[in-house]
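Asks: Pasting a structure here, questions to come.
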Amino acid sequence: MQMQILTHNHWLNNYVLNKEFSLKAGISSNAYRYWKNVEAAKFDDARVVFLRKESILPRYKAILKECTDLTGMVQSQAFCKYTGLAPSHLIEKNNSCIYKALDIIDVCDVKFVNLKKFYDDLNLNYNYHIYIEKCKYFGPSPFEKKIQLSHGICVGYY
């Protein structure tokens with residue numbers, strides 16, 4: 001078994017959530033540890049494990065079709081670390097304007113944010129690094145590139 005640490009902006013296009021996969025397959029969530037040549041991954045400082053679809057044993061390949069498609073997604077914890085956003089903004093009942101701008105899903109009690117869609121909605125190149133901050137903390141326009149999400153919140157990029 002190989003464990004890879006993913007960067008905070010790494011999309012989960014070729015991965016499946018291990019927790020969901022093991023529930024649907026009816027196997028232990030630790031079974032992947034004993035498989036030969038399986039590729040597992042997790043985000044830095046996170047406990048949630050993802051399995052690379054291509055490395056899953058052939059007898060379980062059919063179950064992959066039942067699992068949630070994570071294309072463009074990152075774990076919410078990784079999204080917050082990447083953008084500098086407080087996790088409280090990703091809770092619906094907090095009425096954050098950012099929550100409304102994001103595509104957020106919950107799979108087996110693990111929250112995901114569609115980072116690809118967020119870039120697409122802002123018409124930003126995927127190579128840009130982004131950060132979310134109160135607009136009042138940004139420098140003047142020619143010095144800092146920003147997109148205003150709401151009255152007080154902006155997305156900076158470089």
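Asks: Under 4.7 Å Cβ to Cβ, no partner at all: give me those cysteines from the chain, in residue order.
Replies: Here Cys67, Cys80, Cys97, Cys108 come out as lacking a disulfide-compatible partner, given the Cβ-Cβ threshold of under 4.7 Å.
Asks: Among the listed pairs Lys81/Lys116; Lys65/Lys111; Lys53/Lys145, which are separated by more than 27 Å between their Cα atoms?
Replies: Working: Lys81/Lys116 16 Å; Lys65/Lys111 20 Å; Lys53/Lys145 37 Å.
Table pairs above 27 Å Cα-Cα are Lys53/Lys145.
Asks: Here is a further query. Compute the semi-axes of the equivalent ellipsoid of region 2-65, taking the square root of 5 times each eigenvalue of the Cα gyration tensor, and list them largest first in whole Å.
Replies: That gives 19, 12, 11 Å for the three semi-axes.
Asks: For region 61-78, in order, what is each residue's ³J(HN,Hα) by Karplus, 6.51 cos²θ - 1.76 cosθ + 1.60 with θ = phi - 60°, in whole Hz (x at glycine and Pro)?
Replies: Calculated HN-Hα couplings, in order: 4, 5, 5, 4, 5, 7, 7, 5, 6, 9, 4, x, 8, 9, 5, 4, 4, 5 Hz.
Asks: Shifting gears a bit: Show me, for region 84-96, the HN-Hα J-couplings you get by feeding each phi into the Karplus relation (A = 6.51, B = -1.76, C = 1.60, θ = phi - 60°), rounded to Hz, glycine and proline as x.
Replies: x, 7, 6, x, 5, 6, 9, 10, 4, 6, 7, 6, 7
Asks: 7 Å from Cα along Cα→Cβ at both Ile147 and Tyr34: what's the point-to-point distance in nm?
Replies: 4.8
Asks: How would you classify region 45-104 from its alpha-carbon gyration tensor, with a ≥ b ≥ c the square roots of the eigenvalues: rounded for a/c under 1.5, else prolate if a/b is greater than b/c, otherwise oblate? All intermediate terms of the calculation are to be shown ahead of the outcome.
Replies: Values: a/c = 3.46, a/b = 2.23, b/c = 1.55.
Prolate shape, in that a/c is at least 1.5 and a/b is the bigger ratio.
Asks: Alpha carbon centre of region 38-64 versus region 85-158: separation in Å?
Replies: Between the Cα centre of region 38-64 and that of region 85-158, the gap is 28 Å.
Asks: Then there is this: Among (i) 31, 25, 15; (ii) 28, 21, 14; (iii) 34, 15, 12, only one was calculated for this model; which label is it, if the read-out is semi-axes √(5λ) of the Cα gyration tensor in Å?
Replies: So the structure-derived entry is (iii).
Asks: Rounded to the nearest 500, what is the chain's calculated 222 nm mean residue ellipticity when only DSSP H runs of at least 4 contribute -39500 (n - 2.57) each, over all residues?
Replies: Numbers: 4 runs with 28 residues, N = 158.
That calculation yields -4500 deg cm²/dmol at 222 nm.
Asks: Remind me, relative contact order of the chain in percent, using alpha carbon pairs under 8 angstrom and six or more residues apart? Show your work: numbers first, answer last.
Replies: Numbers: 254 pairs, mean separation 32.1, N = 158.
Reported relative contact order: 20 percent.
Every read-out reported here was derived from the displayed coordinates using simple, explicitly stated rules and does not represent laboratory data. Keep in mind that this is a model prediction, so the values were computed, not measured. Positions of Cβ are backbone-derived with ideal geometry, glycine not excepted, and every protein chain shown enters the neighbour counts.
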